[in-house]
Amino acid sequence: MVISLSLVVVAALIVLVLLRTGYLRLWPAVASTLFGFLLASTGIAPAITHTITSVTGWISSL
């Protein structure tokens with residue numbers, strides 16, 4: 001749970017920086033956020049969570 005919380009914070013900071021610098025516009029960011037919320041409620045969400053956990057575990061073992 002700690003890893004997923006920190007990934008959310010890092011992702012939020014990246015999106016905030018991209019919005020502030022103008023590399024990401026507001027409406028595409030909103031659409032991407034809505035897509036993420038809708039994707040989280042589908043059957044593929046556990047596979048995505050497992051993949052993220054595997055990748056972060058692999059990175060931390062380096």
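The values are calculated or read from the model by the stated rules, or taken from the named source; none is laboratory data. On a predicted model such as this, the values are computed, not experimentally measured, just so you know. Using ideal geometry, Cβ is built from the backbone for each residue, glycine included, and neighbour counts are taken over all protein chains shown. Accessible surface areas use protein heavy atoms only, side chains included; no ligands, DNA or RNA. Shrake-Rupley method; radii C 1.70, N 1.55, O 1.52, S 1.80 Å.
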Among residues of the range 16-62 being more than 22 Å from residue 6 (Cβ to Cβ), among the aliphatic types (A, V, I, L, M) and open to solvent by 80 Å² or more (accessible area, probe 1.4 Å), the residue farthest from the chain's Cα centre (by Cα) is 26
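Residue-by-condition table, conditions (1) assigned to a loop (DSSP other than H, G, I, E, B); (2) of a type in the set (Gly, Ala, Ser); (3) modelled with pLDDT under 85:
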residue	(1), (2), (3)
8	no, no, yes
13	no, no, no
28	no, no, no
32	no, yes, no
42	yes, no, no
46	no, no, no
51	no, no, no
